[in-house]
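First comes the structure, then the notes that go with it.
Just so it is clear, none of the values below were taken in a lab; they were calculated from the coordinates. What you see is a predicted model; the values in this text were computed from it and never measured. Neighbour counts are summed over all protein chains in view; Cβ atoms, including those assigned to glycine, are modelled from backbone coordinates with ideal geometry.
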Amino acid sequence: MATMKAHIKFSTMFQDIQDYKMTDPGEDQMVSKIVFSLELDGSRHGPLFVEVAQPMGTDYKTEPLTIGPLPLEVADGPWNQEAFTEVVEEYYRSALEKFIRFGGASGVRMRNNMLSFVKSYEFDIETGWSPPP
């Protein structure tokens with residue numbers, strides 16, 4: 001398999017937005033929108049957005065998150081959704097860790113916050129079979 005590198009640079013997270021698309025209306029979730037740019041095989045894409053849903057009342061540091069799909073602008077080529085999900089989760093948790101500190105408070109819900117936090121990642125994408133050298 002041949003590989004190429006995906007370079008992602010996250011820049012902003014809109015925490016617990018009200019204009020979300022990806023959640024089940026019957027569930028109580030916090031949905032955040034993350035802004036990023038992507039360089040893939042020499043092409044730059046962005047700004048792009050991905051939504052992250054976290055069930056209300058769960059620990060943002062450890063509980064599973066729901067990550068939206070790759071934006072349609074770049075979804076027609078090879079992709080590594082597992083690696084993308086991992087870096088989105090890591091960015092989300094890092095952004096909240098950096099900006100939201102309550103010192104033991106519980107039951108606090110903050111909405112519509114813009115967190116400016118730049119962080120870059122790189123991961124491999126398998127592009128298909130290639131013959132051995």
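Once backbone amide H atoms are built at 1.01 Å from N, Thr127 has Ala2, Thr3, Met4 as its partners under 5 Å, excluding neighbours fewer than 5 places away on the same chain. Starting from the Cα of Asp124, step 7 Å along the direction of its Cβ; do the same at Asp28; then give the gap between the two resulting points in nm. In this crude label model, Asp124 to Asp28 measures out at 4.4 nm.
Each residue of region 8-13 is assigned a 3J(HN,Hα), and the resulting list reads 10, 10, 7, 10, 8, 10 Hz, derived from the Karplus form 6.51 cos²θ - 1.76 cosθ + 1.60 (θ = phi - 60°), x at Gly and Pro.
In plain terms, the chain from Glu90 to Leu48 could stretch by 13.4 nm, reckoned as 0.36 nm per residue minus the Cα-Cα distance.
Cross-link partners for Lys61 among the lysines, with Cα-Cα distance under 22 Å and sequence neighbours closer than 8 places in the same chain left out: Lys9, Lys33, Lys98, Lys119.
You can think of it this way: the chain between Thr66 and Met114 has 15.3 nm of extra reach, that is 0.36 nm per residue less the Cα-Cα gap.
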